[in-house]
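The values are calculated or read from the model by the stated rules, or taken from the named source; none is laboratory data. Bear in mind the structure is a predicted one, so any value in this text is a computation, not a measurement. Methodologically, a virtual Cβ is constructed for each residue, glycine included, from the backbone with ideal geometry; neighbour enumeration extends over all protein chains shown.
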Amino acid sequence: MAKRLDTPKKSDRPLDKRTAILEATLDLISKNGFHATPMSMVAQHANVAAGTIYHYFESKEQLIDELFLLYRDKIALVIQESDDTTKPYRDRFRSVFLGLYDYYVSHPDQFLFIEHYANSPIMNKLSKEEMFNFYQPLWEFLRKGIHTGQLKDISSRLMAWMVYGNITAVVKMKLSGDLTLDVMLLNTAVNTVWEGLKRG
């Protein structure tokens with residue numbers, strides 16, 4: 001009787017070309033930035049012909065925008081999965097803050113790519129619109145806190161930028177190794193942000 005071959009694990013299967021291009025772009029931009037990542041380098045890193053990239057993406061800008069949309073949706077899912085609506089809002093705030101922190105620390109390439117994207121001086125109209133939408137899940141979460149009297153009655157957009165800015169600052173400290181972040185210090189960071197935003 002012939003020996004049955006095991007089904008290859010997903011990680012053992014070769015990437016399709018489109019996925020390989022996206023992953024190569026993520027890796028290179030997270031390390032080098034936009035300007036130092038030409039399409040020829042992406043092609044070489046993805047092990048595809050340079051012309052193959054344009055079969056899937058019309059331009060470098062479209063490639064970058066589509067990559068951002070992919071991770072924008074992942075971040076929205078992190079917020080959704082971190083928010084346990086059965087808990088008090090303060091606990092929910094802490095969970096969302098730490099959920100984003102943990103995700104970025106576990107996926108530094110995605111974090112660095114988003115940072116490059118958000119701060120790019122050559123953002124086109126679509127890029128600006130998508131960055132606007134990027135904050136939407138966090139705005140909605142904070143808006144609930146404002147409407148239920150848990151948070152100060154200020155612009156939820158302003159509050160989202162403040163909260164997200166604090167999260168990214170802590171992530172950068174962790175990734176750079178400039179500050180050893182133990183559980184106590186991380187909790188202090190979360191509590192400090194909460195105390196500044198809570199009502200009363």
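Residue count for segment 53-62, restricted to those that are in a helix (DSSP H, G or I) and touching a helix residue (DSSP H, G or I) at 6+ places or on another chain (Cβ under 6 Å): 3. Taken together, 154, 122 contain a single residue that is assigned by TED's automatic domain parsing to the domain that holds residue 96, over 20 Å from residue 91 (Cα atoms), modelled with pLDDT under 90 and over 19 Å from the mean Cα position of the chain (by Cα), which is 122.
Failed condition for residue 173, given (1) modelled with pLDDT under 95; (2) touching a Ser or Thr at 6+ places or on another chain (Cβ under 7 Å), with all others met? Condition (2) is where residue 173 drops out. Residues being hydroxyl-bearing (Ser, Thr, Tyr), under 17 Å from residue 27 (Cα atoms) and outside any helix (DSSP H, G or I) are represented in segment 37-49 by at least one member. Before we move on, is residue 111 under 22 Å from residue 33 (Cβ atoms), at pLDDT 95 or above and among the aromatic types (Phe, Trp, Tyr)? So residue 111 fits the description; yes. Here residue 78 meets the list (1) within 18 Å of residue 26 (Cβ to Cβ); (2) surrounded by 17 or more Cβ atoms within 10 Å (Cβ to Cβ); (3) without any contact (Cβ under 8 Å) to a residue 40 or more places away in the chain; (4) out of contact with any Phe, Trp or Tyr (no Cβ under 6 Å at 6 or more places or on another chain) almost entirely, failing just condition (4).
Every residue, every condition in (1) surrounded by 12 or more Cβ atoms within 10 Å (Cβ to Cβ); (2) on the phi > 0 side of the Ramachandran plot; (3) of a type in the set (A, V, I, L, M), yes or no:
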position	(1), (2), (3)
119	no, no, no
134	yes, no, no
142	yes, no, yes
146	yes, no, yes
152	yes, no, no
157	yes, no, no
160	yes, no, yes
176	no, no, no
186	yes, no, yes
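Scanning segment 147-160 for residues that are within 16 Å of residue 195 (Cα to Cα) and touching a residue at least 24 places away in the same chain (Cβ under 8 Å) turns up 149, 150, 151, 152, 153, 159, 160.
Considering only segment 81-200, give the helices (runs of 4 or more DSSP H) lying wholly within it that have at least 1 residues that are among the charged types (D, E, K, R) and within 26 Å of residue 26 (Cβ to Cβ). Those helices (runs of 4 or more DSSP H) span 89-106, 108-118, 125-134, 156-176.
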